[in-house]
């Protein structure tokens, strides 16, 4: 398991604080697919209980499947392992990366806004919306992106997964 050095920890705190300042609730003018996932996610919540991966039924959201990425969360500090990658995400990255940890395939992942957004979704137990650029693919120029990251909990309490819908500009 990776350990976070003091310097890296400070950078992580700064990154998370920047994400907290720039991320917001899902706006009314978001991409309809983003709104659809958020509505679906909330429909699966029961009070304070979070939905788990097993609660997500592909039959309910077939239009979102190409834009979805599912991540498992492992360890402390959390690491994110790719469980599933939709076709549009795969086409953007050129690979599914299924089974890989994001910190192994993305240089300095812990210092990126994507990581901070994942950490915020875990901490706040709610979907986190972002519109900006995708900076995770080292083989492509920065691409305009809109995404939402929502936490999942197999026991409905402890966040152990994440569902992401990413919409890349063409």
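What follows draws every value from the coordinates through simple rules; no lab data is involved. All figures in this text were calculated on a predicted structure; none of them were measured in a lab.
Report the full-extension gain for the segment residue 158 to residue 29: residue separation times 0.36 nm, less the Cα-Cα distance, to one decimal in nm.
Length gained between residue 158 and residue 29: 43.3 nm.
What is the range 65-135 by shape, rounded, prolate or oblate, if you read a ≥ b ≥ c off the alpha carbon gyration tensor as root eigenvalues and call it rounded for a/c under 1.5, prolate for a/b larger than b/c, and oblate otherwise?
Rounded, since a/c falls under 1.5.
Using Cα-only point scatterers and the Debye equation, what is log10 of I(q)/I(0) for the range 27-170 at each q in 0.17 Å⁻¹, rounded to two decimals?
With no solvent term, the Cα-only Debye profile gives -0.93.
Using alpha carbons only, how many angstrom separate the centre of the range 84-112 from the centre of the range 43-59?
Answer, in whole Å: 24.
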